[in-house]
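Colleague: Here you go, one structure.
Since every read-out is calculated from the coordinates, none of them should be taken as a lab result. All figures in this text were calculated on a predicted structure; none of them were measured in a lab. Cβ placement follows ideal geometry from the backbone for every residue including glycine, while neighbour counts extend to all protein chains displayed.
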Amino acid sequence: MMADAPHRTRTIDISSLSKIAVEKSRQGFSCSEAILVAFGTLFDLPDDLAIKIASGFRGGIGLLGETCGVVTGGALVLGLAFGTPDLKDTFSREHTYLQVGEFGERFKSRLGSLSCRELCGMRENYTPEEAKAVRDSGRHYQIVKTGAEILEAILKNEHDFL
Amino acid sequence: LSNSTNPAEPAQSNNLSQIAVEQGRAGCSCSEAILSVFGPLLGLPSETAMKLASGFGGGMGLMGETCGAVTASFMALGLALGTHDVTDTYSRQNTYVMIGEFADRFKGKLGSLNCRELCVGHTMATPEGAKALRASGRPEQIIRIASEILDQILNEARAI
């Protein structure tokens, strides 16, 4: 069994978090920021820290068109949920990797790729105008929604989360 | 007055990088080694830093995607230079400029940002593979180079 995590706030309804993530995205937050700021509340991660930590992952990691911010945001959340600062706790360490891998698999099977470039049809090194065009297309709302729903399902599936 | 001749600066740089390398030797993944050293300098509690970085080892969840030393450095740059204010476009742009700078310098030294390409010939998917990769010294080299570049950029941006 996993150790009890006293900092975890259990009063939050996990099912509400994907809606919050999409709402954050509509407010102008990037995909990675929207995911971490919504799900970070489960772990009492302050909003300003969540947004700053995730801010470099926009546009496929620093506007490079690489890994989708929903996926990196998801990996941050799963690390908070299952990770450990204890290097000897190999169970938790492997469990975290498995859950991140599982999240990646489900994401790919729903959306076809982990790559921002492939998901949003954009080339490498976005210009601000191109990033705006993606934003205007609304494509990323769907990606945030799908990724957040997968995260909800993974978190709900773990008994100690409910 | 220029700080560039101050002999304390390079010593300090070497020190942060050395601590990150030692974190790697102690068993941290590349992402954990970087964020556990730089996160607390930038206001992130060390336990939270370890957890946030824990999913990014082996190119994120052992998927061979972006190198964990790179993703953790971007977390640190976001912490140092980013903003929670969506209307603060200056800070948001500046974070990307510095991330781009990090990516260019890292690629210039190591050739790629991708875990699979950086660790070609190795696999992290099995415990034996992960052990062999560690023994090769490659992760240690990557941690050292990433933390040196991160330290340089944070100093240039006067963030630490």
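Colleague: Can you give the local net charge around A:Lys52? Use residues other than it whose beta-carbon is closer than 11 angstrom to its beta-carbon, Lys and Arg +1, Asp and Glu -1.
Modeller: -3
Colleague: Another question, then. Mind checking the angle between helix B:68-81 and chain B's longest principal axis? C-alpha axes, 0 to 90 degrees, to the nearest 10.
Modeller: 20
Colleague: Given the rule -39500 (n - 2.57) for each run of at least 4 DSSP H residues, summed and divided by the residues of the protein assembly as shown, what is its mean residue ellipticity at 222 nm, to the nearest 500 deg cm²/dmol?
Modeller: Dividing the helical sum by the residues of the protein assembly as shown leaves -20000 deg cm²/dmol.
Colleague: Note the angle between two axes, namely the Cα long axis of helix A:90-111 and the longest principal axis of the Cα atoms of chain A, as a number of degrees from 0 to 90, rounded to the nearest 10.
Modeller: 30
Colleague: Can you compute 3J(HN,Hα) from phi for each residue in segment B:41-50, using the Karplus curve 6.51 cos²θ - 1.76 cosθ + 1.60 with θ = phi - 60°, rounded to whole Hz and x for Gly and Pro?
Modeller: 5, 10, x, 9, x, 5, 5, 5, 4, 4
Colleague: Let me ask something else about it. If the label point is 7 Å along Cα→Cβ of A:Leu87, which residues in segment B:135-160 have backbone nitrogen under 11 Å from it?
Modeller: Output list for this probe position: empty.
Colleague: Which of the residue pairs A:Lys52/A:Lys88; A:Lys19/A:Lys108; A:Lys88/B:Lys109; A:Lys88/B:Lys107 have a Cα-Cα distance greater than 27 Å in the structure shown?
Modeller: A:Lys52/A:Lys88; A:Lys88/B:Lys109; A:Lys88/B:Lys107
Colleague: In whole percent, what relative contact order does chain B give with Cα contacts below 8 Å and a gap of six or more residues?
Modeller: The normalised contact order for chain B reaches 28 percent.
Colleague: Along Cα→Cβ, 7 Å out, is where each label goes; now give me the distance between the ones at B:Thr126 and A:Asp13 in nm to one decimal.
Modeller: 4.8
Colleague: Taking only Cα atoms, what is the 0 to 90° angle, nearest 10, from helix A:69-82's long axis to the longest principal axis of chain A?
Modeller: Here the helix axis deviates by roughly 10 degrees.
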